[in-house]
Every structure is written in structure tokens, then in C-alpha cells.
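See structure below.
Every read-out reported here was derived from the displayed coordinates using simple, explicitly stated rules and does not represent laboratory data. Bear in mind the structure is a predicted one, so any value in this text is a computation, not a measurement. Don't worry about glycine lacking a Cβ; one is built from the backbone with ideal geometry, like all the others, and counts go over all protein chains shown.
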Amino acid sequence: LQLIGSIMYMMARNARTPEARRMLDGLQRRVRGLAMLHRTLYTKPEVTTIDGKEMVEALIADLTEGMRLRDLEIESELVEVPLFPDQAVPLSMILAEAVTNAVKYAGRPQGGGKARIDVTLHTEDQAVTLSVANTRGSLLIPLDVGDDAQGDGLGKRLMQAFERQLGGTSEVEETETRYVYRLRFERDDIGPRSA
């Protein structure tokens, strides 16, 4: 997976159009997320579950690495959640899409202050809730031409497919100052599902 990610990076550097670079960057981000999960599983072969808190922290760090956005604060409130790989993988892919969108559309509030992204992971009995929220206002990152048209594109379809794989439900809460994506699913505590 790391080799595939490196090849995509080289292809993105040589891409002739911004659209091609954007597509390759998105693919590379998804492959890196999978590679991080596999690295966790293979470095600890005695472990059958992945801690959701560690996974979310690692993904946020990986996704925001190299971003030098001084006016963006990223806060997280996470609890430990043991997840089997068949739930950790789709959850990590959803998180990658949601955080990428939050960074892309994070804005400075009209009253001043920094743009902010909040990521939470909570449990109640067997239910797990992931929430990714961002402030709205003056965008930190100018949108490239065509970005608005892609708002309902591949990322949204992937998130919906992974939500179905988790057997979860999602909701979006939008106000003038805040955008919140919330996912809820039941944690599987009986091990990997049979194919």
C-alpha cells in the first residue's frame, strides 16, 4: 500500500491538470488510511481489535500533516473503542473523507477568531458515535474551479457505502456558522463477520 501511495504521489506531481492532481491526491489519502490500519494490525499480531481512539488520532495527524494553516484549530474528544478490522476499516475511510471535507470547507467565523474543526468519538452501551464539525465563514483554503460541482461526488458516495457496511446511520446538521457530520453505528463485539 505504501508503494502504491508513492506511485500515486509521483503521478500527481507529473499530472498536467489540477483536476488530475486532485483525483490522485484523494486516492493517495485513501490508500494511506488503509496502510495505517494494516501497519497497526501487522505490528501487533496478537491484537485482534484496533483502538478507535488511537486510529482516529493517527488519521487526523496523517491527514493534517504538512498543512500550515495558522488560523485552523483541530480539537478532538475521543474515548477508547475496541473495533474489529471489519468495522475499523470503513470507519477510517469515513473519517478520512469527513476530515478532508472539514478542512476544505473550514471558515473563519464572521465575528472573528480562528476556524475550528472538532472530532468526537463516543460510546453509549454498544452504540458508537463519530462526529466531525467545522466552523463556517471566510474559507481558509480557496476552492479550486469545479470543487463546488464535485460536492456530491465520489467522496459522498464512498461515505454512504461505508455507512451501509457499518450498518450505521448518518445525519448532517448545518447552520450559518457550523457544519456537523454525525455517524452512529452499533459496535460489533463478537469478532469479524463471516463472508
How many nm is it between the label spots at Arg178 and Arg13, if each spot is 7 Å from the Cα in line with the beta carbon?
4.2 nm
I'd like to compare 114-120, 72-78: which one has the highest average count of other Cβ atoms within 10 Å, and what's the full order after that?
114-120, 72-78
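Could you compute the FRET efficiency for Ser6 and Leu139, with r as their C-beta to C-beta distance and R0 at 30 Å, rounded to 0.05? All intermediate terms of the calculation are to be shown ahead of the outcome.
Numbers: r = 31 Å, r/R0 = 1.02.
Efficiency, from the Cβ-Cβ distance: 0.50.
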I'd like the FRET efficiency for Glu171 and Thr64, computed as 1/(1 + (r/R0)^6) with the beta carbon distance as r and R0 of 25 Å, rounded to 0.05.
0.55
